[in-house]
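Everything on this sheet refers to the single structure shown next.
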């Protein structure tokens, strides 16, 4: 796992200027893909099977979209878990801010990709009564914290090029979109991620700085429209981010970048962004070898080093429409958090905005006022060598 973290650090923008350790256990819950439409429930599932797509082979064949009940169930669990300051656990939700407007694309004979912002609701025949109200209620009560994932999860440029062809890939994409399913990644990894084209030459896979800056600016605008605030934290789809991504994020007000997976302390990069590595994969829906014991050991390792336990949970783990992943995930998460709270009575639940405040001021605000957290800094020279510790 250390090798994974070191690979991230070799990226120029990830070479740390300062890294941070803390005097008490910090737990962050980070979760991707909220708001992203997958397979459109049972009717869409059967439509795809009728079109010759053999669904059900892997968990992401059942990826759909959370319901209001799914979101409410997550919030109900989080509010039952309190830290040493009496604050409830908080899930950081990374949102995809737009979905393919499938009906518009079909009507336009797939000549261009039309998107429907999440702030305008769901596309086509998609229906999730009360979903947006459930998001809002959880955020108001402090159980959820919104963050930026992207405008789309896939690389729009790749999809545009595919749709312009008349081959099997174009046929698959059109079949999916007629059934109002954007994509199923494991079946079509060529679709890429928002800033990344997997089939371009190695040094050209990421979009240019200019393109990334434009895409990120558009996503930030969509985020502001939906949440009436600017995003402070971001996670690149597929974790595919480079120096240009971080530069563009910094220009657009992002102060915390979520990375994964590995074991590494939070660190400030040369763009002034706090780079946070996800240290625990909590993915029972997609990991057939999932082990609570492994998660416990990873958390213990983090706390022994003064590193936050940053827990990664993708939204599919909480879905229940096509297959009930939610029940098992919530049961396991409840047990995991209960053990951590018992074993570490000084534990604190924080999110990225709190962590950003802690590394800059040594405190963060909660309902009881300013709470102090001891922070150690380690500085780095130009070549990444340690130059000493400071309080």
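Checking 110, 132, 102 one by one, the residue that is in contact with a helix residue (DSSP H, G or I) (Cβ under 9 Å, 6 or more places away or on another chain), under 30 Å from residue 163 (Cβ atoms), without any contact (Cβ under 8 Å) to a residue 60 or more places away in the chain and surrounded by 14 or more Cβ atoms within 10 Å (Cβ to Cβ) is 132 and no other. The lone criterion from (1) in contact with a strand residue (DSSP E or B) (Cβ under 6 Å, 6 or more places away or on another chain); (2) touching a residue at least 60 places away in the same chain (Cβ under 8 Å) left unmet by residue 295 is number (2).
Of everything listed in (1) in contact (Cβ under 8 Å) with a residue 12 or more places away in the chain; (2) farther than 26 Å from residue 49 by Cβ; (3) outside any loop (DSSP other than H, G, I, E, B), the single unmet condition for residue 199 is (3).
Of all residues in the range 338-377, how many are out of contact with any strand residue (DSSP E or B) (no Cβ under 8 Å at 6 or more places or on another chain) and either touching a residue at least 24 places away in the same chain (Cβ under 8 Å) or more than 19 Å from residue 25 (Cβ to Cβ) (or both)? Here the count works out to 11.
Checked against (1) out of contact with any strand residue (DSSP E or B) (no Cβ under 7 Å at 6 or more places or on another chain); (2) within 30 Å of residue 106 (Cα to Cα); (3) in contact (Cβ under 8 Å) with a residue 12 or more places away in the chain; (4) in a loop (DSSP other than H, G, I, E, B), residue 213 meets all criteria but (4).
Within the range 29-39, is even one residue at pLDDT below 95, at positive phi and under 23 Å from the mean Cα position of the chain (by Cα)? No, every residue in the range 29-39 fails to be at pLDDT below 95, at positive phi and under 23 Å from the mean Cα position of the chain (by Cα). If you check 283, 301 for being surrounded by fewer than 18 Cβ atoms within 10 Å (Cβ to Cβ) and under 19 Å from residue 91 (Cβ atoms), only one passes: 283. Scanning the range 174-188 for residues that are surrounded by fewer than 21 Cβ atoms within 10 Å (Cβ to Cβ), part of a helix (DSSP H, G or I) and under 25 Å from the mean Cα position of the chain (by Cα) turns up 185, 186, 187. Does the range 153-160 contain at least one residue that is closer than 28 Å to residue 248 by Cα, without any contact (Cβ under 8 Å) to a residue 40 or more places away in the chain and surrounded by fewer than 19 Cβ atoms within 10 Å (Cβ to Cβ)? There is no residue in the range 153-160 that is closer than 28 Å to residue 248 by Cα, without any contact (Cβ under 8 Å) to a residue 40 or more places away in the chain and surrounded by fewer than 19 Cβ atoms within 10 Å (Cβ to Cβ). Taken over the range 222-239, the residue count meeting the criterion of being farther than 14 Å from residue 94 by Cβ and in contact with a strand residue (DSSP E or B) (Cβ under 9 Å, 6 or more places away or on another chain) is 2. Checking residue 191 against (1) crowded, with 19+ Cβ neighbours inside 10 Å; (2) in contact with a strand residue (DSSP E or B) (Cβ under 6 Å, 6 or more places away or on another chain), only one condition comes out false. Which one? Condition not satisfied by residue 191: (2).
The values are calculated or read from the model by the stated rules, or taken from the named source; none is laboratory data. Remember, it's a predicted structure, so these values are computed and weren't measured experimentally. FYI the Cβ positions are ideal-geometry reconstructions off the backbone, even for glycines, and counts take in every protein chain you see.
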